[in-house]
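J.: I have a structure I would like to understand better, so I am pasting it below and will then ask my questions one at a time.
The values are calculated or read from the model by the stated rules, or taken from the named source; none is laboratory data. Note that the structure is predicted; figures quoted are calculated from it, not measured. Every residue, glycine among them, receives a Cβ derived from its backbone with ideal geometry; neighbour counts consider all protein chains shown. For the accessible areas, the whole protein counts, side chains as well, though only heavy atoms, and no ligand, DNA or RNA atoms are used. Shrake-Rupley method; radii C 1.70, N 1.55, O 1.52, S 1.80 Å.
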Amino acid sequence: MFSAHPSQALFPHSRNAALAVCAVLGGLILPLPAQTPQEILAQPEVKTAMESIRANEPHFVDEQIRICQIAAPDFKEDKRAAEMARLFREAGLENVRIDKAGNVLGDRPGAVPHPHLVIAAHLDTVFPEGTDVHVTRVGNLLKGPGIGDDCRGLAALLAVIRAMNEAKLHTHGSLTFVADVGEEGLGDLRGMKELFGTTMKGEIDDFISIEPGEPNRLTDAGVGSYRYKVSFTGPGGHSYGAFGIANPANALGRTVAKIADFQVPTDPKTTFNVGVIGGGTSINSIPFEAWFEFDERSPDTASLDKVDAMFKAAVQAGLDEENARWNNRGKLSVKIDTVGVRPAGHTERDVPLVKAAAASIQALNLGALGYGAGSTDSNVPMHLGIPAITIGGGGMDQGAHSLGESDDITDSWKGPQNALLIILSMLH
């Protein structure tokens with residue numbers, strides 16, 4: 001149960017025995033009975049918190065808009081981070097700090113250090129510096145770059161903090177709120193890698209990420225990806241005078257043609273893509289360089305590694321065939337640079353965190369539960385074997401990663417309510 005004045009001395013539970021919480025009473029260790037979401041929702045202070053979220057939603061929609069108008073391209077999230085740090089302090093979180101990567105952290109300690117749950121939303125957007133991030137509003141429809149992904153998640157964090165404060169909710173386990181960097185694009189999950197590898201290494205028992213979208217979504221599998229820039233180089237020369245030497249553009253073409261014929265599994269869904277191609281100086285010059293960027297994805301590490309081996313074999317074959325075609329005149333070389341590694345992983349559906357999330361969605365009547373896979377901040381803890389999920393922050397987003405991105409905030413308060421109920425279920 002939750003109390004405004006927790007005084008019981010509790011022992012931490014292990015990640016694989018989330019309900020093995022004990023209370024010391026007169027020297028006797030007694031188990032603390034598990035509570036269902038319905039039992040939690042029936043408690044007066046929890047009712048107060050849930051009503052707080054609904055009543056304060058207009059304010060946090062305004063905050064969602066205001067925060068989103070602070071530009072935060074990858075690697076330049078510092079201004080938005082500073083504002084979130086200010087808001088965390090204003091909300092009364094303890095030990096508010098910004099780590100080496102730029103993540104903003106704030107603690108809400110429980111009666112004991114463990115179980116320790118981290119709930120996060122990312123600061124960065126896919127949009128480059130200089131993008132007009134002005135947000136417009138017509139009724140419940142918000143439009144602007146990043147308004148859903150992930151300004152909605154940041155607003156949801158703040159709504160949960162406010163509700164817990166207004167209801168004077170205290171948990172037995174401890175809670176840390178994080179606004180993190182580097183979730184998008186070439187950010188390569190650097191915020192999560194720093195959080196789990198250094199900042200809070202060994203301290204996190206469970207992890208929740210909030211992304212835009214309806215609250216009945218539940219991401220329990222992390223789509224991993226390897227990303228490369230492949231550069232073929234040679235001496236180059238005049239298209240007529242130097243004709244007869246190997247051509248980097250031809251080597252690139254041979255390689256891309258081989259990639260196009262890859263056969264990959266549909267279950268688990270595994271994909272590949274040549275997304276960007278460049279090189280050359282003029283139409284009448286044999287280029288001295290031609291390059292392309294390549295992305296491969298799968299929620300299954302073995303499938304991802306198989307595509308990776310196929311890709312590297314295709315690059316080598318493309319190089320060898322072009323050199324052989326011209327008898328090694330103007331012999332080419334190739335360089336493969338890794339530009340991103342997102343680890344794959346998944347969280348088993350029988351772990352307490354997933355069960356708590358599923359039960360919360362049902363208890364709040366949020367609609368049919370939809371499990372899925374995605375590339376989110378949860379990839380890192382999933383890969384490490386730490387229970388992690390990604391949930392929707394409420395509302396309905398459309399056009400993510402486009403200049404026309406929108407977020408319909410009708411009933412968006414349901415997202416923070418779901419996040420809070422999952423937190424209370426895990427930290428009872």
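J.: Springs between alpha-carbon atoms under 10 Å, Gaussian network over the chain: tell me which of Gly146, Gly202, Gly415 tops the mean-square fluctuations.
T.: Checking each option, the largest mean-square fluctuation is seen for Gly202.
J.: How many angstrom lie between the C-alpha centres of region 365-387 and region 256-271?
T.: The distance from the Cα centre of region 365-387 to that of region 256-271 comes to 24 Å.
J.: State the Cα centre-to-centre distance between region 281-317 and region 75-90 in whole Å.
T.: Centre-to-centre (Cα) distance: 38 Å.
J.: Any lysines with Cα under 22 Å of the Lys168 Cα? List them, leaving off those in the same chain fewer than 8 positions away.
T.: Leaving aside lysines fewer than 8 places away in the same chain, those within reach of Lys168 are Lys47, Lys414.
J.: To the nearest 20 debye, what charge dipole does the chain have about its Cα centre, counting +1 at the Cβ of each Lys and Arg and -1 at the Cβ of each Asp and Glu?
T.: 540
J.: On to the next question. Relative contact order for region 288-428: what is it in percent, counting Cα pairs under 8 Å that are at least 6 residues apart? Let's see the in-between values first.
T.: Details: 120 pairs, mean separation 27.8, N = 141.
Taking the mean separation of contacting Cα pairs over the length of region 288-428, I get 20 percent.
J.: Scan [x] 22.6; [y] 26.7; [z] 19.6 for the value of mean projected area of the Cα convex hull in nm² calculated from this model and give just the label.
T.: Matching entry in [x] 22.6; [y] 26.7; [z] 19.6: [x].
J.: Could I ask something else about it? In degrees, nearest 10, range 0 to 90: what is the angle between the Cα axis of helix 301-325 and the longest Cα principal axis of the chain?
T.: It is inclined by approximately 10 degrees.
J.: Still on this model: Let me have the relative contact order for the chain, percent, based on Cα pairs under 8 Å that are six or more residues apart.
T.: Once normalised by length, the contact order is 22 percent.
J.: Return the percentage of antiparallel bridges among DSSP beta bridges fully within the chain, rounded to the nearest 5 %.
T.: 70
J.: For each pair in Lys143/Lys269; Lys76/Lys306; Lys79/Lys229; Lys100/Lys306; Lys306/Lys335; Lys79/Lys100, compute the distance between the two Cα atoms and list the pairs where it is over 23 Å.
T.: Lys143/Lys269; Lys76/Lys306; Lys79/Lys229; Lys100/Lys306
J.: For the chain, what is the mean residue ellipticity at 222 nm derived from helices alone (per DSSP H run of n ≥ 4: -39500 (n - 2.57); sum divided by total residues; nearest 500 deg cm²/dmol)?
T.: My calculation for the chain gives -10000 deg cm²/dmol from helical runs alone.
J.: For the chain, find the longest principal axis of its Cα atoms and tell me its angle to the long axis of helix 248-260, 0 to 90°, nearest 10.
T.: Here the helix axis deviates by roughly 50 degrees.
J.: Using a 1.4 angstrom probe on heavy atoms only, work out the carbon and sulfur share of the accessible area of region 270-428 in %.
T.: Summing carbon and sulfur atoms, their accessible area is 51 percent of the total for region 270-428.
J.: Any idea of the accessible area per residue across region 45-121, 1.4 Å probe, to the nearest Å²?
T.: Dividing the accessible area of region 45-121 by its residue count gives 43 Å².
J.: As I understand it, the dipole of region 197-296 uses +1 on the Cβ of Lys and Arg and -1 on the Cβ of Asp and Glu, about the Cα centre. Which of Ser282, Thr219, Gly202 lies farthest toward its positive end?
T.: Positive-end residue among those listed: Ser282.
J.: Which one, Gly370, Gly191, Met50, projects farthest toward the positive side of the charge dipole computed for the chain from Cβ point charges (K/R +1, D/E -1)?
T.: Positive-end residue among those listed: Gly191.
J.: From the phi angles alone, apply the Karplus equation (6.51, -1.76, 1.60; θ = phi - 60°) to region 105-122 and give each ³J(HN,Hα) in whole Hz, x where the residue is Gly or Pro.
T.: 10, x, 9, 10, x, x, 5, 9, x, 10, x, 10, 9, 10, 10, 9, 9, 9
J.: Related question: Let me know the charge dipole size of region 53-206 about its Cα centre in debye, to the nearest 20, where only the beta-carbon of Lys, Arg (+1) and Asp, Glu (-1) is charged.
T.: 400
J.: Can you send over the carbon and sulfur percentage of the accessible area for region 51-141, probe radius 1.4 Å, protein chains only?
T.: Using a 1.4 Å probe with all protein chains present, region 51-141 comes out at 53 percent carbon and sulfur.
J.: Let me ask something additional. Only Cα pairs within less than 10 Å get springs; with that Gaussian network setup on the chain, which residue of Val274, Val380, Val104 has the largest fluctuation?
T.: Val274
J.: What residues qualify as long-range amide H neighbours of Ala111, i.e. H under 5 Å apart, gap of 5 or more or another chain, H built at 1.01 Å from N?
T.: Correct list: Thr171, His172, Gly173.
J.: Rounded to the nearest 10 degrees, what's the angle between the helix 78-90 long axis and the longest principal axis of the chain, both from Cα atoms, 0 to 90?
T.: 10
J.: About the Cα centre, and with charges only on the beta carbon of Lys, Arg (+1) and Asp, Glu (-1), how big is the dipole of region 133-211? Nearest 20 debye, please.
T.: 380
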